[in-house]
Amino acid sequence: MRRFLTVLGVASALFAAALMRPQVPGSLNAAQAVARLLVPAPQELFGKTHLHLLVVGLDYDYTARDLESSAHSRSDVIMAVNVDLAKRRIEELSVPRDMEATMPDGSLAKINQAQSEGGIGESQAVVSRWLGIPPFDRYVVLRIDTLKNLIDAVGGVTVDVQSADALRHLGPNGPLNYDDSWGHLHVHLRPGPQHLDGDRAVGYARFRHDWCSDPCRILRQQQVIHALAQQLAANKLTTLLHVRELLDVIRRDVQTDLTPREELSLAVAFARLKASDIVTAQVPFTTAVNLPDYGDAIVPDEVEKRRLVGAMFDAR
């Protein structure tokens, strides 16, 4: 898989499925032991104990022929990921796409505009500077429908569908209903745990049409990612049976500057990654502003941003 969870989650789960789960908890089977001997540890390969990745999911429009297009697309998903190579843990900090940020020319825009104006290189520079961290070590770009295709490749995922009130622990759960024919988004989900195919899971992850808006959309994205990681980790046989479909999605939909050797090293090291080993958070905001040419943007809570960055990225 190579989303950051597409790189570590799916790749690790695929590798784990191929090697099979050890029969004794905490032990390695013969294939795993050989792999550990032949594949360099990521700490040795990268020369550090922590790896910083920028994960970007592209948005898309529709052409006059009603075809999906990502030409000059902005980033719909922005995740700064700290991979703890020593402890085999992942810390993921989501950045809402509408956050106000300074572009390389000094102008103010929504942070997702960096991807449209300068591609992944500009995204890396703008996001790392905005967070106040060193440049990212590597990147992962998810093209259109990556998550949908991955979920369909493993037969769907089980997600606890929640309204904004339920996600924020402010009231009872309720159904989600929304139709956007131009954007091809149709969400009609009852509340509570249910098994979703790729289309409905992504619809849930994209849903932001309530009072909570983008912050709850990010929480739903994180729910779906965790559900996919759990599906891959818990059902090794299913994962193994769908290896071809998963690899087809990776080849077609994912772009990264991780080398094949680096990917293999990470996959071996994180082969037994559990959902509990993934820590997620998002940068909150304090107010909204109107940016000329870009519309409504949100202003980060700088105090909380510094706290989160300090807890998840500092002294690494």
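The values are calculated or read from the model by the stated rules, or taken from the named source; none is laboratory data. On a predicted model such as this, the values are computed, not experimentally measured, just so you know. Heads up, the Cβs are rebuilt from the backbone with ideal geometry, glycines too, and the neighbour counts pull from every protein chain shown.
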Among residues of region 188-238 being polar (S, T, N, Q), over 26 Å from T286 (Cα atoms) and not in a strand (DSSP E or B), the residue modelled with the lowest pLDDT is T238
Set D179, D160: member being assigned to a strand (DSSP E or B), in contact (Cβ under 8 Å) with a residue 60 or more places away in the chain and surrounded by fewer than 21 Cβ atoms within 10 Å (Cβ to Cβ): D160
Consider D197 against the criteria (1) surrounded by 20 or more Cβ atoms within 10 Å (Cβ to Cβ); (2) touching a strand residue (DSSP E or B) at 6+ places or on another chain (Cβ under 9 Å): it satisfies all of them except one. Which criterion is unmet? (1)
Inside region 126-150, can you point out the residues that are over 23 Å from A311 (Cβ atoms) and either of a type in the set (D, E, K, R) or in a helix (DSSP H, G or I) (or both)? R143, D145, T146, L147, K148, N149, L150
Which of the residues that make up region 79-108 are of a type in the set (A, V, I, L, M, F, W, C) and surrounded by fewer than 18 Cβ atoms within 10 Å (Cβ to Cβ)? A86, M103, L108
When only residues in region 267-300 that are closer than 19 Å to M103 by Cα and outside any strand (DSSP E or B) count, which is modelled with the highest pLDDT? V283
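Just to be sure I understand, how many residues within region 109-120 are touching a residue at least 24 places away in the same chain (Cβ under 8 Å) and either under 21 Å from the mean Cα position of the chain (by Cα) or surrounded by fewer than 15 Cβ atoms within 10 Å (Cβ to Cβ) (or both)?
We begin by selecting, within region 109-120, every residue touching a residue at least 24 places away in the same chain (Cβ under 8 Å); these are 109-116, 120.
Those left that are additionally either under 21 Å from the mean Cα position of the chain (by Cα) or surrounded by fewer than 15 Cβ atoms within 10 Å (Cβ to Cβ) (or both): 110-116, 120.
Matching residues across region 109-120 total 8.
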